[in-house]
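Just so you know, all these numbers are worked out from the coordinates, no wet-lab data involved. No experiment lies behind these values; they were computed from the predicted model shown. A quick note on method: Cβ atoms are made from the backbone with ideal geometry, for glycine too, and the neighbour counts reach across all protein chains shown.
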Amino acid sequence: MHSMNENRIPTALTLVQLRHLIALAETGSFTRAAESVYLTQSAFSRSVKALEDELGQPLFDRIGKRSELTPFGREVLQRARHVVFDADEIGASGRQMRSGRAGSLRIGLGSGPGAMLMTPLLKEMATRHPSVHLQIARGDTVLLVQALREREVDALVVDLRSMVPAPDLKVSNLAEMRGALLCRPGHPLTRWKPPLRFAVLRQYPIASTPLSDEVARAMVERFGPDAHPSVCVTLRCEELASLIEVVRDSDALLLAIRNAAPDLVELPLKPGLSVPARFGLVTLVGRSEAPSLPIVRELMERLIHD
């Protein structure tokens, strides 16, 4: 039959007791061990005795003024060191995560914000926050919002004109950026006497990311039915960076936020293309934010503006 001590499951072990065990094992002296953990010797002795009572066996043999581990004590010491080390690592990890220096960040970027933020965010994490695990999702705003709701990403940065408002979505860090029609330096249209009529532009391919209904409506109001994106845009792609490269190397025109490609030339239109993009950081209402999200906020404040 098993004794009660053999069947007894320890329930009151504490990290403090395990630290006291380690201190006594390292010093071999109750006096020096108590001093190392800033306790009186009597309080320290009670802590070790309570641990032995909890485990049901002695951990130390008292040999004169020195305390030496029993065989059982040596086994417990080895495990105690692992437990205390893991606890210290958890604490350090928690502190790093609270300060945004560790953990993970899953961010969804729409096409416009992606062109402005993706490379700077990757560089920021690689150079200043190397312990943070960064995952960037790209795609259509509708799919990104779905991923946010399904907890597959922590936050989004998207053009709010392409997002349907909802009570479970929290928007912050709002910024407006001016839209423009852009071309490469030396494009034939740069020699055209301004202002340009929209009909002239239709001689060339027009590239754009998917545009919201609001932008499409504004373009039709300013330039007529032929300016609807479904009619005039011949190159449509979610990746704005790829479209910019195409326009740099061809006579295609780009409909995008002006600051997405500072090296391209803005074409003067009449009437003007005064439909700004409205970028914002989107999170779920009532959900705790990722500790590293302030890094994205700071980059948005630094980069997303005219």
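Which one of GLY28, GLY286, GLY64 has the biggest mean-square fluctuation once the chain is modelled by GNM with Cα springs under 10 Å?
Comparing GLY28, GLY286, GLY64 in a Gaussian network model of the chain, the most mobile one is GLY64.
Can you compute the FRET efficiency between LEU196 and SER250 using 1/(1 + (r/R0)^6), with r the Cβ-Cβ distance and R0 = 25 Å? Round to the nearest 0.05. Could the numbers behind the result be given before it?
Working: r = 18 Å, r/R0 = 0.73.
So the FRET efficiency works out to roughly 0.85.
Between ARG66 and GLU239, what is the spin-label point distance in nm, taking each point 7 Å from the Cα along the Cα→C-beta axis?
Using points 7 Å along Cα→Cβ, the separation is 7.0 nm.
How would you rank THR70, THR141, going from fewest to most other Cβ atoms within 10 Å of each one's own Cβ? Could the numbers behind the result be given before it?
On the way: THR70 14, THR141 22.
Fewest to most other Cβ atoms nearby, the residues stand as THR70, THR141.
Near LYS170, which aspartates and glutamates are there with a Cα under 18 Å away, not counting those fewer than 8 places off in the same chain?
LYS170 reaches GLU150, GLU152, ASP154, ASP159, GLU289, GLU298, GLU301.
Using only helices, what value at 222 nm comes out for the chain when you add -39,500 (n - 2.57) per DSSP H run of length 4 or more and divide by the total residues, to the nearest 500 deg cm²/dmol?
On the way: 12 runs with 133 residues, N = 306.
The per-residue figure over the chain is -13000 deg cm²/dmol.
Can you classify the chain as rounded, prolate or oblate using the Cα gyration tensor, where a ≥ b ≥ c are the square roots of its eigenvalues, rounded means a/c under 1.5, and otherwise it's prolate if a/b beats b/c and oblate if not? Working shown, then result.
Details: a/c = 4.80, a/b = 3.69, b/c = 1.30.
Verdict is prolate for the chain.
Need the full-extension length gain, GLN135 to ASP306, defined as separation in residues times 0.36 nm minus the C-alpha distance. One decimal, nm. Provide the component values of the computation, followed by the final result.
Details: separation 171, 0.36 × 171 = 61.56 nm, distance 2.71 nm.
Using 0.36 nm per residue and subtracting the Cα-Cα distance, I get 58.8 nm.
What fraction of the DSSP beta bridges in the chain is antiparallel, stated in percent and rounded to the nearest 5? Display every interim value, and only then the final one.
On the way: 21 of 36 bridges.
Bridges in the chain are about 60 percent antiparallel.
Using a 7 Å offset from Cα along Cα-Cβ at THR27, what residues in segment 42-83 end up with backbone N under 15 Å from the label point?
Residues 42-49, 65-68 qualify, since their backbone N sits under 15 Å from the label point.
Taking the Cα centre of the chain as the origin, how large is its charge dipole in debye, to the nearest 20, when only Lys and Arg (+1) and Asp and Glu (-1) carry charge on their Cβ atoms?
Numbers: 38 positive and 35 negative charges, 119 e Å.
For this selection, approximately 560 debye.
Cα to Cα, under 28 Å, and not fewer than 8 places away if on the same chain: which lysines meet these conditions relative to LYS65?
LYS49
Cut-off under 20 Å on the C-alpha distance; same-chain residues fewer than 8 positions from LYS193 excluded. Which lysines are left, in chain and number order?
Result set, ordered by chain and number: LYS270.
Between segment 30-78 and segment 237-306, how many Å separate their Cα centres?
64 Å
Taking the Cβ of each residue in LYS65, LYS49, LYS170 as the centre, tally the other Cβ atoms inside 10 Å and list the residues starting with the fewest.
The fewest-first ordering by Cβ neighbours comes to LYS65, LYS49, LYS170.
Multiplying the sequence separation of ARG178 and LEU13 by 0.36 nm and subtracting their Cα-Cα distance, what value in nm do you get?
Computed gain between ARG178 and LEU13 is 53.1 nm.
By the gyration tensor of its Cα atoms, with a ≥ b ≥ c the square roots of the eigenvalues, what is the shape of segment 179-275: rounded for a/c under 1.5, prolate for a/b over b/c, or oblate? Mind dumping the intermediate values first?
Values: a/c = 1.56, a/b = 1.11, b/c = 1.41.
Note, shape of segment 179-275 comes out oblate.
How much length is gained on full extension from ALA50 to ARG128, taking 0.36 nm per residue of separation minus their Cα-Cα distance? Numbers along the way, then the final one.
Numbers: separation 78, 0.36 × 78 = 28.08 nm, distance 4.63 nm.
Using 0.36 nm per residue and subtracting the Cα-Cα distance, I get 23.4 nm.
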